[in-house]
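J.: Let me give you the structure first, and then I'll get to my questions.
Bear in mind these aren't lab numbers, they're just calculated from the coordinates by the rules spelled out. Quick caveat, the model's predicted, so the values are computed rather than measured. Ideal geometry is used to build each Cβ from the backbone, glycine not excepted, and the neighbour counts take in all protein chains shown.
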């Protein structure tokens, strides 16, 4: 088959994979009409019907099944060949759709994004911020950066480190109300609780010291459902606030917040990127994973290790 039909082969295989013109269009970032036109063009060139089409379902014909098996080998080989020579030339090009959780994106990744864009000027990058777990194939996402320990066998994962929760309050608040010495002291303080919409209530505080674990109910008069709002309230002296260490670190270093109950801690989730199986061979995905590694691994080290690395 002539090279002029290569993009049509890629489109055909996407429709075959998803069983849907619409989902293939999302994945390929094409209009649905373009996907339909390319498949029709391929069928015309072959003189074969490749799909059974109904208003609700798309499935391969017997000829389509046989053709898809051979086409996968051809397309995979040509994509690998192109990627190999692009790597040799040091060139990364194409499109990359990245989804990130807002807190880690705005605090750690986006402030360094200029480095990535300067390194790969031929790469078109789309960034989506969301706290929900994505369907990578459905939404056409190449890499998702999550704060989560959950894993799905449908995806591949790269772990960059783990976050921990830290409790802190403003110096003004502590001067007025004192400093808690034990987790149970939180019951006598104003806490800025985090309201979990899925649970329908504020989340309790689970504090760990050695082998001892204490749960303190969240029963403060102030609850927020957004980390930025909670931090703003804490800086304004409205109470004791718990959040991820990387979000509070700068404010602790600059004295706007003071660590509370430093001997007690609560381990947080892992920071990991997930991406579709097979996409690791994509030059844009590999490049972005390397960038995340350079940004996140140093930033997620415990405070003591960061100080040692800086000296």
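J.: Taking the beta-carbon count within 10 Å as an exposure proxy, list 61, 55 from fewest neighbours to most.
T.: 55, 61
J.: To test your reading of the geometry: what angle, between 0 and 90 degrees and rounded to tens, separates the Cα axis of helix 32-46 from the longest principal axis of the chain?
T.: Result, in degrees: 30.
J.: Oh, and also: Restricting to DSSP H runs of at least four residues, report the calculated mean residue ellipticity at 222 nm for the chain, -39500 (n - 2.57) per run over all residues, nearest 500 deg cm²/dmol.
T.: Result for the chain, helices only: -12000 deg cm²/dmol.
J.: In degrees from 0 to 90, rounded to the nearest 10, what is the angle of the helix 283-299 Cα long axis to the longest principal axis of the chain?
T.: Taking Cα atoms only, the helix is inclined about 10 degrees.
J.: Going from the alpha-carbon gyration tensor of the chain, what semi-axes, largest first and in whole Å, does one get by taking the root of 5 times each eigenvalue?
T.: 50, 22, 15
J.: Tell me, what is the percent relative contact order of region 16-149, built from C-alpha pairs under 8 Å that lie six or more residues apart?
T.: RCO, region 16-149: 26 percent.
J.: For residue 301 and residue 221, what is the calculated FRET efficiency with R₀ set at 30 Å and r taken between the beta-carbons, to the nearest 0.05?
T.: 0.25
J.: Hey, another quick one. If each residue's Cβ is checked for other Cβ atoms within 10 Å, how do 143, 271, 206, 224 rank with the fewest at the top?
T.: 206, 224, 143, 271
J.: To check you understand DSSP bridge types, tell me what percent of the beta bridges within region 163-268 (both residues inside) are antiparallel, rounded to 5.
T.: 75 percent
J.: Let me ask something else about it. Kindly state, to the nearest 0.05, the FRET efficiency for residue 199 paired with residue 124, given R0 = 30 Å and r defined as their beta-carbon distance.
T.: 0.20
J.: While we're here: Given labels modelled 7 Å from the Cα in the Cβ direction, how far is it in nm from residue 56 to residue 266?
T.: Between residue 56 and residue 266, the simple spin-label model gives 4.6 nm.
J.: Here's another thing I want to ask about it. Subtracting the Cα-Cα distance from 0.36 nm times the residue separation, let me have the gained length for residue 176 to residue 102 in nm, one decimal.
T.: Here the answer is 23.3 nm.
J.: Please give the length that would be gained between residue 290 and residue 66 if that part of the chain were fully extended, namely 0.36 nm times their separation in residues minus their C-alpha to C-alpha distance (nm, one decimal).
T.: Value of the extension gain: 76.8 nm.
J.: Suppose we keep just the DSSP beta bridges with both residues in the chain; what percent of those would be antiparallel, to 5?
T.: Antiparallel bridges make up about 65 percent of those DSSP assigns within the chain.
J.: Among 141, 127, which comes first, then next, by fewest other beta-carbon atoms within 10 Å?
T.: Ordered from fewest to most neighbouring Cβ atoms within 10 Å, 141, 127 come out as 127, 141.
J.: Determine the principal axes of the Cα atoms in region 163-268, then give the extent along each, sorted from largest to smallest and rounded to whole angstroms.
T.: Its Cα atoms span 32, 31, 28 Å along the three principal axes.
J.: Continuing with the same structure: Over the Cα atoms of region 3-88, what Rg and Dmax result, in angstrom?
T.: 13.1, 46
J.: Tell me, what is the FRET efficiency for residue 114 and residue 135 to the nearest 0.05, using R0 = 41 angstrom and their Cβ-Cβ distance as r?
T.: Efficiency for this residue pair is about 0.85.
J.: Does anyone have the angle between helix 6-18 and the longest principal axis of the chain? Alpha-carbon axes, 0 to 90°, nearest 10?
T.: Compared with the principal axis, the helix lies near 60 degrees.
J.: Pairs of Cα atoms under 8 Å, at least six residues apart: use those to get the relative contact order of the chain, whole percent.
T.: With pairs under 8 Å counted, the relative contact order is 21 percent.
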